[in-house]
Amino acid sequence: MKVEMNEEWRKPWVEALRSGKYAQAGGALRSGEGEGFCCLGVLADICELGKWDFKNYYVVDGCRNDEILPTALAEIMGLGGETQRDLAKLNDDGESFEHIADIIESGEYAQAPLWDNSEDSEYDAIRGEE
């Protein structure tokens, strides 16, 4: 599967994920008051096209979400829901920001069924455990 997105944001997102500035967290775009971020939350934070509302909701043009990017931001970034869910799953399953940055930078990754976590799954190829 391709990580299709607005190319203007690919390099800054990859750089931010690798910068060490962001602690990694899962389950939401941002945890607490910025103590940790999902890979998608890092993109929301660097783009500054919206604002953080409450602790982990990101709001753009009245659209808000806490698990994937708000619709308005997703459209600007050119990131579809399936790609966001796949990246969020990698993040929440403990893949490092470095590995996720590699996937985003390359623009491609092997897609595995989200429900198949068996030892022989394609998901192992995503994780580099072939």
Residue count for the stretch 59-79, restricted to those that are over 16 Å from the mean Cα position of the chain (by Cα) and crowded, with 20+ Cβ neighbours inside 10 Å: 1
Filter result for R30 (in contact with a Cys (Cβ under 8 Å, 6 or more places away or on another chain) and either over 18 Å from E108 (Cβ atoms) or surrounded by 15 or more Cβ atoms within 10 Å (Cβ to Cβ) (or both)): yes
Wholly enclosed strands (runs of 3 or more DSSP E) of the stretch 31-101 bearing at least 1 residues touching a Pro at 6+ places or on another chain (Cβ under 9 Å): 57-60, 63-65
Selection count, the stretch 75-130, where residues are touching a Leu at 6+ places or on another chain (Cβ under 9 Å), at pLDDT below 55 and either charged (D, E, K, R) or within 23 Å of G36 (Cβ to Cβ) (or both): 2
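The values are calculated or read from the model by the stated rules, or taken from the named source; none is laboratory data. All of these numbers come straight from a predicted model, not from anything done at the bench. Heads up, the Cβs are rebuilt from the backbone with ideal geometry, glycines too, and the neighbour counts pull from every protein chain shown.
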